[in-house]
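The values are calculated or read from the model by the stated rules, or taken from the named source; none is laboratory data. This structure is a prediction, so every number in the text was calculated from the model and none was measured. All Cβ positions, glycine included, derive from the backbone under ideal geometry; neighbour counts span all protein chains shown.
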Amino acid sequence: MSTVAKTGAPAASFSLTSLLIVVACELIGAAALREFLLVDDWRVIVGLLVVFAIILVAMQRFPAVEHRIEDAFDTQKPAAMVLAIIIVLGFPFTLEGNTYAFHLCVIAQLYAVLALALNFQLGSANIPNFASGASYGIGAYVSALLALNVGLSFWLALPAAAIAATVAGFLLGLPSMRTRDSYLALVTIAFGVVVNQLLNNLDFTGGPNGLVGIPVPELFGHSFSSPLVIFGVSLPSQANFYYLSALLVAISILFAGRLHNSRVGLAWNALRADELAARCQGINTTWYKVLAFAVDAFLAGFAGTIYAFYVGFISPDNFTFLTSVTIMTMVIAGGMDNILGVIVGAFLLTLLPEKLRVFSDYRILFFGVTVIAFLMIRPQGIFPQRLRRYGER
């Protein structure tokens, strides 16, 4: 009995310590995000970035600390998920009704979905794709046209746009399989340019003027243009889209986790490591490459639909080559093939340009310097790719 007690006590202590680490990390992260969203003083913004950089330097200098945090989240995964859900659901109540903060949250979450979608290709399979903005635009335009011309509701246009974007992803993936490396990147760039030019020149897409008057979604008689009242607390109308985009992020995370741990994820990682070796092991490399294009376009179609119905107006300028480059930068800076890293990268690179507007014409310069600084501190991304683990710990 005494032996069991002696061996059991450290395990219980380790479990409690892990739980405290998880709670502290998530609450500190949520508090930092809230402060970053609400603050307007550039000195506080720079201070938060410096603190974040110091934390990254500490994690780089002392990898044991990073491993300890990773182990804590691994051992307390259910608790971490429950706390994360509670934080996401309760976060709007801490924003003090600031509509601009809500808007940034919605856009950041949509970009997180786009980055997670591209991560299947760039992070998991090492397939460069500069057409993510085009898939995003196809989803937005298809859903908007269905709503304006056919009268289709948002909830029916959502899957229809995702299917249309997936078909486009297949059409891009098939000819791309005849190329590789830099030539493959050029094919995706050309596809994005072609889509943007079509949106600019076709009459039914509205040309350069775009599409206006996209109707606001409704759910059980509640219009998303109306304030959202929860437990007697009235939240701005943007809160409707906040929860909708948060749901899409949650589905994307679940989708990404399942794919990563499946045979498909293993096949993509095999392609990234050595395509010839993967082919020799019987992996249908062509199929898995095309599948990566389709999955990316599928999630991008969902994000594009929500964006179109959220802003009510779309134009070709919203889906340019620069959009694709931005999404790719989010994946690289956040950490390829790392779900948390990709999401953090998406939020950071969405919020930074907005919060640096105080520097006026120099904000893009400061934005670029900040990204370069983070990549110098963590060359493999803010949260680098993790090795796969098999069997019992």
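Quick one: which helices (runs of 4 or more DSSP H) sit completely within the stretch 63-157 and have at least 1 residues that are of a type in the set (Gly, Ala, Ser) and under 13 Å from Ala303 (Cβ atoms)?
The helices (runs of 4 or more DSSP H) meeting that bar are 99-119, 132-145.
Kindly indicate whether any position in the stretch 222-242 is of a type outside the set (Phe, Trp, Tyr), in a helix (DSSP H, G or I), buried (at least 18 other Cβ atoms within 10 Å of the Cβ) and touching a residue at least 24 places away in the same chain (Cβ under 8 Å).
Yes, the stretch 222-242 contains a residue that is of a type outside the set (Phe, Trp, Tyr), in a helix (DSSP H, G or I), buried (at least 18 other Cβ atoms within 10 Å of the Cβ) and touching a residue at least 24 places away in the same chain (Cβ under 8 Å).
Is one or more of the residues making up the stretch 327-337 part of a helix (DSSP H, G or I) and among the acidic types (Asp, Glu)?
Within the stretch 327-337, none of the residues are part of a helix (DSSP H, G or I) and among the acidic types (Asp, Glu).
Write out, first by first residue and then by second, each pair whose Cβ atoms fall under 6 Å of each other, whose residues are 6+ apart or on separate chains, and whose first residue, in the stretch 300-314, is of a type in the set (S, T, N, Q) while the second is surrounded by fewer than 24 Cβ atoms within 10 Å (Cβ to Cβ).
Thr305/Leu158
From the residues in the stretch 165-190 that are out of contact with any Pro (no Cβ under 9 Å at 6 or more places or on another chain) and crowded, with 20+ Cβ neighbours inside 10 Å, which one is farthest from Lys289 (Cα to Cα)?
My answer is Ala165.
Give just the number: which of (1) within 30 Å of Gly207 (Cβ to Cβ); (2) buried (at least 23 other Cβ atoms within 10 Å of the Cβ) does Asp337 not satisfy?
It is condition (1) that Asp337 fails.
Determine whether the stretch 360-372 contains at least one residue that is farther than 24 Å from Tyr136 by Cβ, under 21 Å from the mean Cα position of the chain (by Cα) and not in a helix (DSSP H, G or I).
Checked against the condition, which is being farther than 24 Å from Tyr136 by Cβ, under 21 Å from the mean Cα position of the chain (by Cα) and not in a helix (DSSP H, G or I), the stretch 360-372 yields no hits at all.
Could you tell me which of the residues Val39, Val22 is farther than 19 Å from Thr350 by Cβ and either under 24 Å from the mean Cα position of the chain (by Cα) or without any contact (Cβ under 8 Å) to a residue 12 or more places away in the chain (or both)?
Every option except Val22 fails the conditions.
Using the structure shown, decide if Gly213 is in contact (Cβ under 8 Å) with a residue 24 or more places away in the chain, in the same structural domain as Ile306 (by TED's automatic domain parsing) and either surrounded by 16 or more Cβ atoms within 10 Å (Cβ to Cβ) or under 30 Å from Gln385 (Cβ atoms) (or both).
No, not satisfied.
Please go through (1) part of a loop (DSSP other than H, G, I, E, B); (2) in contact with a Gly (Cβ under 6 Å, 6 or more places away or on another chain) for Ala294 and return the number of the only condition it doesn't satisfy.
(1)
Going by the structure shown, is Leu340 touching a Phe, Trp or Tyr at 6+ places or on another chain (Cβ under 8 Å) and either assigned to a helix (DSSP H, G or I) or not assigned by TED's automatic domain parsing to the domain that holds Thr370 (or both)?
yes
Here is a yes/no grid of residues against (1) within 25 Å of the chain's Cα centre (by Cα); (2) loosely packed, with under 13 Cβ neighbours inside 10 Å:
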| residue | (1), (2) |
| --- | --- |
| Ser15 | no, no |
| Ser18 | no, no |
| Glu26 | yes, no |
| Arg34 | yes, no |
| Arg43 | no, yes |
| Leu49 | yes, no |
| Phe52 | yes, no |
| Val57 | yes, yes |
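Kindly evaluate Asn269 against the criterion of being of a type outside the set (A, V, I, L, M), assigned by TED's automatic domain parsing to the domain that holds Met336 and within 24 Å of Ile327 (Cβ to Cβ).
So Asn269 fits the description; yes.
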